[in-house]
Amino acid sequence: MALQSDSADFLELFRKSSKELFSEKFYEAMNSDSFNSSKFYHRCNEISVSNHKDKVITICKKFLRFLEKSTAWNIENSRYDVSILLNYWIYDKLTDIYGDKNDKEISFGFAALQYAWEYHNYNPKNQLYHQKYKPDLNMVNHDDWKKRKELYDYCINYDLIVPLCRSYDQTCMEYYEYIEKKGPLYEEYEKICIPGESKCPHFYEKCRDYNPKSFLSELPCHSKIVANKSAAAKAGTQHHPSGPEQGFGPQTFSMVSTSETSEIGTKVGHSVLGVAPVLLTATALYRYTPVGSWIRKLGGYNSNGVSDLDEFSSYTQESSDMFSDNSASYISYQPI
């Protein structure tokens, strides 16, 4: 569900996102229906597409809302490339409208957004940032685009979740499965990304070292996860004996069902109780760690300068300091 907020500013939407992972916060902010409908209406209403113009206009407005604060991401000093996230978001939205096999309509959609981008008002001194966010179909138009998107999302989330997983057992338990599921992606792209092949994602080299198989067994919760899986498998075998020779009559079945129900109730109770430390961990992360400070600062702009990128330059300078490679106290990202 899209983030709802009184703010029509992308940075404020990003800061208020209920999500924890960077990519998820970005997509939730982009999907928000909170924006000044009249501010971008004229520019987006001029776009030309063959079908579903009203839906593409909505994408256009959200795109321009993001573009208005593009300088905040300070691309030169960051460890991630937000333009990749942006283009995947655009492509995903257009495929929702036209289907991912309708290359012609998707191409028209990107062209329409390029038109809106080209004529969007911006301060010339911020041209570098503006140029970075020109919609680029070639960046994301691949048969395996969903897998590439999943891989890139994981890559930019890695620097946040893996250090936390190494330090906090509860966080490790929470994200272990998320990390583990990226293993098959790496197995697939390891076969493709060899010298002489052109099918490799352009960002793969920067993600290569994040392969779960290289560190998953070193996480503090690994042994506990393995033990839990083993116990669950054993319990499943005991609860599902085969054949009537086991002597299970109605009374025995009732006893087993009651036992299983009790066990499920216990597990649910434990899951509910487990929410508290997760919330405490997340609260501590965003309130007391450098990551929390970074996100709070990301929202700390002058609210009177929503439509004036030039007035936003003081914030950009501060943001640049936060994203600088020399700032060792922050978890940062490298362009991918």
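The values are calculated or read from the model by the stated rules, or taken from the named source; none is laboratory data. What you are looking at is a predicted structure, and each value in this text was computed from that prediction instead of being measured. Every residue, glycine among them, receives a Cβ derived from its backbone with ideal geometry; neighbour counts consider all protein chains shown.
Of the residues that make up segment 91-108, is at least one touching a residue at least 60 places away in the same chain (Cβ under 8 Å) and acidic (Asp, Glu)? The answer is no; no qualifying residue exists.
Across segment 128-138, which residue is nearest to residue 206 (Cα to Cα) among those that are assigned to a helix (DSSP H, G or I) and free of Cβ contacts under 8 Å to residues at least 60 places away in the same chain? Lay out the reasoning, then the answer.
From segment 128-138, those assigned to a helix (DSSP H, G or I) are 128-132, 137-138; that's our starting set.
Then drop every residue that is not free of Cβ contacts under 8 Å to residues at least 60 places away in the same chain, which leaves 128-129, 131, 137-138.
Values: 128: 23, 129: 22, 131: 23, 137: 21, 138: 20 Å.
Step by step, filter segment 128-138, then rank; the result is 138.
Confirm whether residue 84 is out of contact with any His (no Cβ under 8 Å at 6 or more places or on another chain) and more than 16 Å from residue 131 (Cα to Cα). So residue 84 does not fit the description; no.
Across segment 127-161, what is the number of residues that are among the polar types (S, T, N, Q) and either crowded, with 18+ Cβ neighbours inside 10 Å or more than 25 Å from residue 99 (Cα to Cα) (or both)?
Of segment 127-161, the ones among the polar types (S, T, N, Q) are 127, 131, 138, 141, 157.
Going one step further and asking which of them are either crowded, with 18+ Cβ neighbours inside 10 Å or more than 25 Å from residue 99 (Cα to Cα) (or both), we end up with 127, 131, 157.
Total satisfying the criteria: 3.
On the stretch given as segment 28-42, residues that are buried (at least 20 other Cβ atoms within 10 Å of the Cβ) and part of a helix (DSSP H, G or I) total 2. For segment 1-20, taking the residues that are modelled with pLDDT of 70 or more and part of a loop (DSSP other than H, G, I, E, B), the one that is surrounded by the most Cβ atoms within 10 Å (Cβ to Cβ) is identified as 9.
In segment 43-76, of all residues being assigned to a loop (DSSP other than H, G, I, E, B) and of a type in the set (Asp, Glu), the one that is nearest to residue 128 (Cα to Cα) corresponds to 68. Just one of (1) assigned by TED's automatic domain parsing to the domain that holds residue 93; (2) buried (at least 19 other Cβ atoms within 10 Å of the Cβ); (3) assigned to a helix (DSSP H, G or I) fails for residue 165. It is (1).
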